[in-house]
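Taking it in order: structure first as structure tokens, then the write-up.
The values are calculated or read from the model by the stated rules, or taken from the named source; none is laboratory data. On a predicted model such as this, the values are computed, not experimentally measured, just so you know. Here the Cβ positions follow ideal geometry from the backbone for every residue, glycine too, while neighbour counts run over all protein chains shown. In case anyone asks, the SASA skips ligands and DNA or RNA and just uses the protein heavy atoms, side chains included. Shrake-Rupley method; radii C 1.70, N 1.55, O 1.52, S 1.80 Å.
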Amino acid sequence: MRFRAKIVDVACLSHFSRIVNTVAKLAKTCILRLTVCKLYFILSDKVANGGASLWCELSQGNFFDEFQMEGVAAEHNEIYLEFVPENLSRALKTAQSAKAVKIKLTNKHCPCLRVAVELPSLPSSSRIVTHDIPVGVIPRRMWNDFREPSVPDFDVSIYLPVLKTMKSVVERMKNLSNFIVIEANLSGEMNLKIETDLVSVTTHFKDLGNPPWASEDRCQSSAQGKDLESMAEACIDIKKLQQLLAGQQVNPTKALCNIARKRIVHFILLHEEVSLQYFIPAIA
């Protein structure tokens with residue numbers, strides 16, 4: 001089992017750092033899954049226990065100048081590591097002006113991801129700062145616990161408004177309630193609502209648009225010939241939504257959410273070679 005990688009390009013390093021920062025904001029610990037072509041950051045809190053799930057997928061060829069890995073076996077050419085993403089985020093913060101960053105799986109005293117940051121210096125010398133990040137190696141028998149979360153048939157799929165706007169609305173609402181209702185329809189309308197004994201607040205968004213597949217059979221509303229104006233809603237933990245909006249540094253070119261009525265809200269942030277999915281279960 002081996003893994004080593006190198007990033008030289010400054011823009012790629014900056015983008016990779018932003019993704020790790022986003023994951024660190026959403027998960028205290030997570031799984032790093034390594035395959036020949038892709039990296040995955042995975043958080044699979046049990047949705048049944050009210051936990052959110054994260055699935056972030058990126059193509060290694062768009063970030064790394066060198067990437068070599070050998071999995072646990074020829075027929076299972078993957079590696080699953082458990083680690084604290086904040087530790088990797090901190091290590092990459094020292095690399096903002098780096099000439100190169102090397103990441104290697106080592107096992108001297110315990111399994112670690114060694115992050116070696118080569119900093120600019122005098123022509124005749126080089127400065128290398130090394131961070132050892134402890135990791136746990138996930139045994140093969142547990143890999144199925146970290147597969148991509150299945151998405152239930154959703155009632156509505158809709159593009160999100162500008163995330164900064166949505167974030168400011170949610171941050172204000174967070175001071176009034178622990179829960180938020182997200183509702184949307186197939187006419188591009190979405191509402192964010194909070195209701196307490198003392199106050200009821202609703203923010204309306206219009207003309208957001210619905211993805212093309214919203215009119216396909218996958219979406220129950222259209223499959224059953226329901227009214228396009230009919231709202232599908234789910235009540236979720238407002239802190240989990242605020243965490244996503246405040247923590248995301250992916251700067252997506254597309255952001256959308258799927259709502260399975262009273263079951264789950266599934267957020268998808270897309271930016272070229274990166275996709276981040278975040279699942280927040282509904283509160284009964």
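State yes or no: is Arg141 of a type outside the set (Ser, Thr, Tyr), within 23 Å of His76 (Cβ to Cβ), without any contact (Cβ under 8 Å) to a residue 12 or more places away in the chain and open to solvent by 80 Å² or more (accessible area, probe 1.4 Å)?
In short, yes.
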Residue count for the stretch 59-76, restricted to those that are closer than 13 Å to Phe3 by Cβ and open to solvent by 60 Å² or more (accessible area, probe 1.4 Å): 4
When the residues of the stretch 256-284 are filtered to those that are more than 13 Å from Val151 (Cα to Cα) and under 12 Å from the mean Cα position of the chain (by Cα), which remaining residue is most open to solvent (accessible area, probe 1.4 Å)? Leu270
Filter result (open to solvent by 50 Å² or more (accessible area, probe 1.4 Å), touching a residue at least 40 places away in the same chain (Cβ under 8 Å) and in contact with a helix residue (DSSP H, G or I) (Cβ under 9 Å, 6 or more places away or on another chain)) within the stretch 121-138: Pro134
Ser97: passes all of (1) surrounded by 15 or more Cβ atoms within 10 Å (Cβ to Cβ); (2) among the small types (Gly, Ala, Ser); (3) closer than 21 Å to Ile128 by Cα but (1)
Pull out all pairs, ordered by first then second residue, where Cβ-Cβ is under 6 Å, the residues are six or more apart or on different chains, the first lies in the stretch 256-276 and is within 17 Å of Ile182 (Cα to Cα), and the second is modelled with pLDDT of 90 or more and polar (S, T, N, Q). Asn258/Ser157; His266/Asn258; Ile268/Gln277
